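First the structure, in the form of structure tokens, and then the observations on it.
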Amino acid sequence: MAGNILIAVLVVVDRHLHTPMYFFLGNLSCLETCYSSALLPRLLASLLTGNRTISVLDCIAQYYFFGCLTASECYLLAVMSYDRYLAICKPLHYAALMSGRLCLLLAAVSWMGGFMATTVVTCLISLLHFCGPNKINHFLCDFTPMIKLSCSDTRLVTLVTFILSSMFTLPPFLLTLASYICIISTILRISSTSGRQKAFSTCSSHLIVVTIYYGTLIVVYVLPDTDSLRDLNKVFSLFYTVLTPLANPLIYSLRNKDVKEAVGRVIDKWKRLTEIRSD
């Protein structure tokens, strides 16, 4: 959370980072901060106190925020890949195409799209009756472990969830995939080695994040839900709920010269302000 908050603050206070790429990175850092806040405090409290009980209402609330932020991150990663596509494949038109208004619109759609899809599913889950086993075979309130505890007919909510998941997660995934296919093909056509390295360096950090995020999501939600894979799914769930928010600040800061320079400028500015106050 500290790393993601730091990146969000840097994007706001440093004028050198007031570009579309860092605007979306700031949104991603805010989303990861909310993501961690929705899941990790409850998990840490259960591990420290040994009390692993959670009310049905709290479990549904956790699923709501978890689902909203997961879907929003899919959209935001797609928007960031589209931004890199325009920057690398259409550099002469980039400034005109990626205007400030379009950046705000894409960020708003990314946030609202995830919340709209999960709101419908959460409303249907809240109508279910839970009277059977009360033990969730997971460390978070995900859709499948919760549905298995319901005594109601879950066919409708399962069908609606499948349709909405396909509508709200498959298009951003395909957009991300198509963007990087175009980016890689464009980079390979660059004649100079230094030009290819410079072009690839602008999207390598985002590509690493996308690979980790979608790779673990595919393992968790595409592979069949069998007894032999259930424990493996919980391990991979830790990757996109804990590892990705933890790795994002490290990936973007350690591999990004602009972010490291922004940290240095903020530190220097803070030192000057401290010296002035001391005098």
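The values are calculated or read from the model by the stated rules, or taken from the named source; none is laboratory data. Computed from a predicted structure; not experimentally measured. Quick reminder, even Gly has a Cβ in these numbers, built from the backbone with ideal geometry, and neighbours come from all protein chains shown. With ligands, DNA and RNA removed, areas are computed over all heavy atoms of the protein, side chains included. Shrake-Rupley method; radii C 1.70, N 1.55, O 1.52, S 1.80 Å.
Things to note:
- Solvent-accessible area per residue, Å², over segment 128-202 with all protein chains present [probe radius 1.4 Å]: 62 Å²
- For segment 65-92 versus segment 116-194, the gap between their alpha-carbon centres in whole angstrom: 17 Å
- Of the accessible area of the chain, computed with a 1.4 Å probe over protein heavy atoms only, carbon and sulfur atoms account for 70 percent.
- Per residue, segment 1-93 exposes an accessible area of 46 Å² to a 1.4 Å probe, with every protein chain left in place.
- Selected from SER205, ALA71, PHE173, residue furthest toward positive end of dipole (the chain; charges at beta carbon): SER205
- Highest-first packing order for the peptide set 232-242, 97-107, 185-195 is 232-242, 97-107, 185-195, based on the mean count of other beta carbon atoms within 10 Å.
- Label-point gap, in nm, between LEU232 and CYS182 - each point 7 angstrom along Cα→Cβ: 3.6 nm
- Here ASN134 and VAL222 are evaluated by their C-beta separation; at R0 = 35 Å the FRET efficiency comes out at 0.80.
- Reported label for calculated Cα extents along the principal axes in Å given [x] 61, 55, 35; [y] 63, 59, 36; [z] 58, 38, 36: [x]
- Ranked packing of 37-48, 172-183, most packed first, by mean Cβ within 10 Å: 172-183, 37-48
- The HN-Hα couplings worked out from phi for segment 59-65 by the Karplus form 6.51 cos²θ - 1.76 cosθ + 1.60 (θ = phi - 60°) are 5, 5, 5, 5, 4, 4, 5 Hz, whole numbers, x standing for Gly and Pro.
- The angle separating the long axis of helix 244-254 from the principal Cα axis of greatest extent in the chain is about 10 degrees.
- On Cα atoms only, tilt of 257-278 relative to the major axis of the chain in degrees: 80 degrees
- Cysteines without a disulfide-compatible neighbour (Cβ-Cβ under 4.7 Å), the chain: CYS30, CYS34, CYS68, CYS74, CYS89, CYS103, CYS123, CYS182, CYS203
- Relative contact order %, segment 1-157, counting alpha carbon pairs below 8 Å whose residues are six or more apart: 24 percent
- Under the Karplus curve 6.51 cos²θ - 1.76 cosθ + 1.60, θ = phi - 60°, whole-Hz ³J(HN,Hα) for segment 99-114, x wherever Gly or Pro sits: 7, x, 5, 5, 4, 4, 5, 5, 5, 5, 5, 4, 5, 5, x, x
- Here the Karplus curve 6.51 cos²θ - 1.76 cosθ + 1.60, taken at θ = phi - 60°, turns the phi angles of segment 150-161 into couplings of 7, 8, 7, 6, 9, 5, 5, 5, 5, 5, 5, 5 Hz, with x standing for Gly and Pro.
- Charged-residue dipole, Cβ positions (Lys, Arg, Asp, Glu), the chain about Cα centre, Debye nearest 20: 640 debye
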